[in-house]
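The values are calculated or read from the model by the stated rules, or taken from the named source; none is laboratory data. All of these numbers come straight from a predicted model, not from anything done at the bench. Note that each Cβ is placed from the backbone with ideal geometry, even for glycine, and that neighbours are counted across all protein chains shown. Each accessible area value is taken on the protein alone, full model and side chains, heavy atoms only, with ligands, DNA and RNA left out. Shrake-Rupley method; radii C 1.70, N 1.55, O 1.52, S 1.80 Å.
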Amino acid sequence: FDLIVAAQDWHPHHHGSFAANYPGNKPGDRITLNGLKQILWPVHCVQNRRGAEFASTFDRSRVVRVFQKGIDPRIDSYSTFFDNAHRRATGLGDFLKEKAVTDIYLVGLALDYCVKFSALDARGIGLNVHVVVDACRGIALEPGDLKEALEEMEQSGATILQSSALRSKAL
C-alpha cells in the first residue's frame, strides 16, 4: 500500500459510552446519550492509558498519520470519519481527498461497529471501500450481527474480501 493511516479510539475516562459511568448499568445495556441511541461498553481505550495503545505487534513504521476518534465524552464515534451523529469529522476524509485517494482497505476492530460505520461513511463520501474480513474481528453482541454488518457494507457498495486476494494481486 502506498499510504497507510490508522484510527485510534481515544476516549476520556468519563466517556458517555462507558457502562461504568452509569451505576446499575452494564456493558450491552442501551441508553440515550445526547439524543442518540447508545450501547454501553466496557471502559476501553482511555486517553494516555495502556489500553489505548496499539497492539505491540502492530508495525507502525509505515503509518503516516493516526486519526483519533471518540474524544468527545458526549457522543460516541464508531466511524473513523465522523462521530455517530456526523456533527464532527476526524479529518480523515479531507486528508484522503488531499492525497487523491479513491480506494481504501479497512482492517481492524470491531467489524460490526467501527469497521462497518467507517465503511459506510467512506462510501458516503465517495470512496471505493474494500473490507479485508479476515483481518477484522467483531463483537457480535447478538447472533447474526457479523453477517448483518457484512451484508450492510456490501449493500452500500463495499467489497468484502480475504487477505489472500490481496496477496494474489501483489504477485
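Some values worked out for this structure:
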read-out	value
Dipole magnitude of the stretch 22-75 about its Cα centre (Cβ charges: Lys, Arg +1; Asp, Glu -1), debye to nearest 20	80
Over the stretch 12-88, relative contact order from alpha-carbon pairs under 8 Å, at least 6 apart, %	28
The chain, relative contact order in percent, only Cα pairs under 8 angstrom and at least six apart counted	17
GNM result for the chain, Cα springs below 10 Å: residue of Asp121, Asp59, Asp103 fluctuating most strongly	Asp59
Between the stretch 10-73 and the stretch 129-171, the alpha-carbon center distance in angstrom	23
Antiparallel DSSP beta bridges within the chain, as percent of all bridges there, nearest 5	25
Residue-normalised accessible area of the chain, given per residue in Å² at a 1.4 Å probe	59
Cross-link partners of Lys147 among aspartates and glutamates (Cα-Cα below 16 Å; sequence separation of 8 or more within a chain)	Asp112, Asp134
Candidates per trypsin sites (Lys or Arg not before Pro) in the stretch 97-145, loop by DSSP, up to 16 other Cβ within 10 Å	Lys99
When the stretch 74-127 is reduced to its Cα atoms, the Kirkwood hydrodynamic radius in Å	11.3
Accessible carbon and sulfur surface of the stretch 62-121 relative to its total accessible area, %, 1.4 Å	51
Share, in percent, of DSSP beta bridges within the stretch 1-86 that are antiparallel, nearest 5	35
Over the stretch 66-155, equivalent-ellipsoid semi-axes from the Cα gyration tensor in Å	21, 17, 11
Relative contact order for the stretch 11-54, counting Cα pairs under 8 Å that sit 6 or more residues apart, in percent	38
